[in-house]
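Asks: Here it is, the structure in full.
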Amino acid sequence: MFGPDQPVVLRLLEIEPAMGALAGVAMELDDCAFGMLAGIETTSDLKTAFDGTNWALLVGSVPRKAGMERNDLLSINGGIFGPQGEAIGAHAAGDVRVFVVGNPCNTNCLIARSHAPDVPDDRFFAMTRLDQNRAVSALAKRAGVPVTSVRRMAIWGNHSSTQFPDFENARIDGRPVTEVIRDEAWLAGEFIQGVQQRGAKVIEARGASSAASAANAVVDSVRSLLSATSDGDCASVAVVSRGEYGVPVGLVFGYPVVSDAKSWRVLEGLTHSEPAAALIAKTTDELVSERAAVEDLLLGPF
Ligand code: LMR
């Protein structure tokens, strides 16, 4: 069983040699002198890449360029995640966890999962933590408080422009956000849209998708699944729905999640106003359409 304090050997999988640059990545990782990094191996062979793997971080996908919508990426990237799921199912360690970052990450995760039917559902994750961090930052800035004051910032649904950053259930220094930021129009408008559009804005500004903040969010995500969630808080992670909050079973859906360091569960019992419920329904519908769009790439009854 892989634990948070164990040294790691990192295997880098070159999914498309023409995309290149893994040698440079390995050099930079060496140059970080990470205390926990016991070795780096580079391969373009799926079996070698996932042989005995405890954590499969599926970062590589064809990145979105300025002007492209995430839907454009569904079919391009779908072909990458099926074979990776299959190799994970066949070769990874018994405790493998699969964390999908490459976009469109929820549906790419769905594809990978469908190709690894023997890996339990609770081992598959997609990244909504970057959205949580963005939302926390925006609320903290607006309230004039440190980011550590903002807690229980849940992102619901898809890592896309339909996601719902749930300010209604978030807390600032233990108080409802609406009591601290007394500007509901800003919260329901600029705040939500700012978080939803932040990825596109970063692409517009740097001509490339987010890199450092995304890498930081991967680390935050893994850490939050491997350590106990503090009381009253949650982490945003997209996981395979078991029907919580009325979401169709099997969708890879962004939820608030709590962990006891060994296992995790969706934080239940949160309530939503009518407008919030409508936004959650919208992002659910988008994920249902994405699932329909990749039906041919899915194995089994999804
Ligand atoms: C981000 O949120 O920064 C990225 O996932 C955006 C993208 O589509 O690459």
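Asks: Do we have ARG142 as surrounded by 24 or more Cβ atoms within 10 Å (Cβ to Cβ), closer than 30 Å to ALA188 by Cβ and of a type in the set (Lys, Arg) here?
Replies: no
Asks: Going by what's in this entry, would GLY157 be described as modelled with pLDDT of 95 or more, closer than 17 Å to GLN196 by Cβ and not polar (S, T, N, Q)?
Replies: Spelling it out, GLY157 is indeed modelled with pLDDT of 95 or more, closer than 17 Å to GLN196 by Cβ and not polar (S, T, N, Q).
Asks: Which is aliphatic (A, V, I, L, M), away from the ligand (no atom under 14 Å from the Cβ) and within 18 Å of LEU287 (Cβ to Cβ), of ALA112, ALA116, ALA140, ALA126?
Replies: Just a single option satisfies the conditions, and that option is ALA112.
Asks: I'm checking my understanding of the structure. Among residues of segment 268-287 that are of a type outside the set (Val, Ile, Thr) and crowded, with 20+ Cβ neighbours inside 10 Å, which one is farthest from the chain's Cα centre (by Cα)?
Replies: The selected residue is LEU279.
Asks: Suppose the filter is outside any loop (DSSP other than H, G, I, E, B), under 25 Å from ASN103 (Cβ atoms) and under 21 Å from the mean Cα position of the chain (by Cα); does LEU29 pass it?
Replies: No, not satisfied.
Asks: Working only within segment 209-235, note down all residues that are within 16 Å of the ligand (Cβ to nearest atom) and free of Cβ contacts under 8 Å to residues at least 40 places away in the same chain.
Replies: ALA211, ALA212, ALA215, VAL219
Asks: Right, here's the next one. Whether any residue in segment 236-257 is within 16 Å of the ligand (Cβ to nearest atom) and within 23 Å of ALA143 (Cα to Cα) is what I want to check.
Replies: yes
Asks: For segment 185-220, what are the residues that are loosely packed, with under 12 Cβ neighbours inside 10 Å and over 23 Å from the mean Cα position of the chain (by Cα)?
Replies: ALA185, GLY189
Asks: Out of everything in segment 238-250 that is among the aliphatic types (A, V, I, L, M) and either free of Cβ contacts under 8 Å to residues at least 60 places away in the same chain or buried (at least 24 other Cβ atoms within 10 Å of the Cβ) (or both), what residue ends up being nearest to ARG113 (Cα to Cα)?
Replies: It comes out as VAL239.
The values are calculated or read from the model by the stated rules, or taken from the named source; none is laboratory data. Remember, it's a predicted structure, so these values are computed and weren't measured experimentally. Backbone-built Cβ (ideal geometry, glycine too); neighbour counts: all protein chains shown.
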